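Everything on this sheet refers to the single structure shown next.
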Amino acid sequence: MSGLLTSSIARKVVMALSGIFLVFFLGQHFVINITSVIAPNTFNSWSHFMGYNPLVQYLLQPILIAGVVVHFAMGIALEIQNTRARTVKYAKYKGSANASWISRNMIITGLVVLAFLGLHMYDFWIHEMAYKYIEANPEDPTRYYEETVEKFEPLVRTVIYVASFGLLALHLLHGFASSFQTMGINNKYSPAIQTFTKIYAIGIPLGFAFIAIYHHLNPITH
Amino acid sequence: MKLTLKIWRQKDANSKGKMMDYAIDGIDGDMSFLEMMDVLNENLNNKGEEPVEFDHDCREGICGSCSLQINGEPHGPDRLVTTCQLHMRKFNDGDTITIEPFRAKAFPVIKDLIVDRTAFDRIQQAGGYISVNTSGNTQDANSIPIDKHDADDAFYSAACIGCGACVAACKNASAMLFTSAKISQYALLPQGQVEAVDRVQNMVRQMDLEGFGNCTNTGACEIECPKGISLENIARMNREYLSASVKG
């Protein structure tokens, strides 16, 4: 059992499980966010629920943060270990001959997504924490829609968000299906997993990009 | 065919190596890559220079001795062949060909293009075997019914010749395709069940100890493997490992 905690396979499985957890969180996040386009009142009430429900705040939120930290920390640790496994580099290495750019550069797309997460947390989470716990403002279930739309008024922020969603799509295109292989699932269902990965990995980030662009083009006029 | 060869030269394991250029002429497209190397070495011998050392044995794609990273790919640009089966017709007159040893921390260079691949032997020794009673009353193997698909899959896994191309191709220098093939060839057969739990744990432990990297599922190993060993083996190894960790 001790080997399970320290072996290369265990580390890969931790990456896979935390990755799948984050993938499904992303889907849930998208479902809430798309309501900001089609039903602002629903967006307000769902956001308020997520922001004040004790189960979400004190159980699910810490689990989510732990999932993000574990996924990125393990990814960086594995990358360091992998780099050390080839101390003398090839003079000529034709990686494109046998593997996709996406699969060979998960660390790059992953670090960009991590940087984006920093911006995203600054934009929304830190603001939310300050609103609730530092400024101690009273509950206002109607504020979320306006606050969200206002965030996308600057073109620069919208462009950064859309570009990040593009790299997130690339990360998911390899990572999602790859997680199943790591967990030992390579069977007759694998083609279906590959197809679902393509739909999900392109569809969800595309949806997030649409929301950002939609709010940028439809600012709130007072 | 006239070629320029850029070859890694390294005196011994402790010396610093470097790429050196060699011009070669009169190469026929029907020659194998190793025959081209033979011509080069004959030329070097005739000039009183040190020949280029490289591994080879059967020259029939069976033994797994030959290696070489050719133009950035293990065993060169052809698919499902070892370097000894690679023909010079895959190259064009005037080409520059880069020839390097397989690179991995676990495969240290011994001399020139020869690397020490005994890490694979140690992984195999850690669990790649079955216990067979040979006391005189050995059971007839044909009396044990085995599903045709399992027998076929075990055979495909056992086709791994342990050349190390999977490690050489992998951007992480991972040995998971080799290790998983050697685990799979037993995991699929009834004879392999007795030591199944210890086998996968010990072989994975040894693989990690040797300093190989981790698989990130790029699939490069499967593409470059001269025997077409499938990534399914890695998934099977992971299943076996997780199951063994819970049981053992």
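Values quoted throughout were computed directly from the atomic coordinates according to the rules given, and no laboratory measurement underlies them. Bear in mind that the values here come from a model prediction, so they are computed numbers and not experimental data. Using ideal geometry, Cβ is built from the backbone for each residue, glycine included, and neighbour counts are taken over all protein chains shown.
Here the Gaussian network model covers chain A, with springs between Cα atoms less than 10 Å apart; of A:His48, A:His171, A:His127, A:His127 fluctuates the most.
Percent of Cα-Cα pairs more than 17 Å apart in the stretch A:77-187, please. Before the final figure, lay out each step's value.
Numbers: 4326 of 6105 pairs.
Within the stretch A:77-187, distances greater than 17 Å cover 71 percent of Cα pairs.
Relative contact order of chain B, taken over Cα pairs closer than 8 Å and 6 or more residues apart, is 20 percent.
The separation of the stretch B:57-133 from the stretch B:222-237, counted between C-alpha centres, amounts to 16 Å.
Å³ per residue of the Cα convex hull, for chain B?
Working: hull volume 37.6 nm³, N = 248.
Per residue, the Cα convex hull of chain B comes to 152 Å³.
For chain A, what log10 I(q)/I(0) values come out of the Debye formula at q = 0.15 1/Å, with one point per alpha carbon and no solvent? Cα-only, vacuum Debye calculation for chain A: -1.11.
Between A:Glu128 and A:Trp101, what's the calculated FRET efficiency when r is the beta-carbon distance and R0 is 60 Å? Round to 0.05. Present the calculation step by step, with values, prior to reporting the outcome.
Details: r = 36 Å, r/R0 = 0.61.
Step by step, r from the Cβ atoms, then E = 0.95.
Placing one identical point scatterer on every Cα of the stretch B:1-147 and ignoring solvent, what is log10 I(q)/I(0) from the Debye formula at q = 0.13 Å⁻¹? Reported log10 I(q)/I(0), two decimals: -0.65.
Could you state, as a whole-number percent, how many of the C-alpha pairs of the protein assembly as shown are farther apart than 35 Å? Intermediate values should be presented prior to the final figure.
On the way: 49851 of 110215 pairs.
I get 45 percent for the Cα pairs in the protein assembly as shown exceeding 35 Å.
Summarising the strand pairing of the stretch B:3-111, around 75 percent of its internal DSSP beta bridges are antiparallel.
Considering only A:Ala201, A:Ala136, A:Ala73, the mean-square fluctuation computed in a Gaussian network model of chain A, springs between alpha carbons under 10 angstrom, is largest for A:Ala136.
Legend: ranking of residues B:Ile99, A:Ile220 from fewest to most surrounding C-beta atoms inside 10 Å; resulting order A:Ile220, B:Ile99. The charge dipole of the stretch B:3-111, taken about its Cα centre with unit charges on the Cβ of Lys, Arg, Asp and Glu (plus for the first two, minus for the last two), comes to roughly 620 debye. For the residues B:Asn71, B:Asn43, B:Asn233, a GNM of chain B with alpha-carbon springs under 10 Å puts the largest fluctuation on B:Asn43. Shown here is the pair-distance distribution of the stretch A:9-138: with all Cα-Cα distances grouped in 5 Å bins from zero up to the longest one, the shares run 2, 8, 12, 19, 17, 13, 10, 7, 5, 4, 2, 1, 0 percent.
Taken over the C-alpha atoms, the stretch B:76-152 has Rg and Dmax values of 21.0, 64 angstrom.
Taking 20 Å as the cut-off, the amide N atoms of the stretch B:89-106 that come nearer than this to a point 7 Å along the Cα-to-beta-carbon line of B:Cys63 belong to B:101-102. Normalised by 2.2 N^0.38 Å, where N is the number of residues, the alpha-carbon radius of gyration of the stretch B:186-225 equals 1.47.
For chain B, the antiparallel share of DSSP beta bridges with both residues in that region comes to about 75%.
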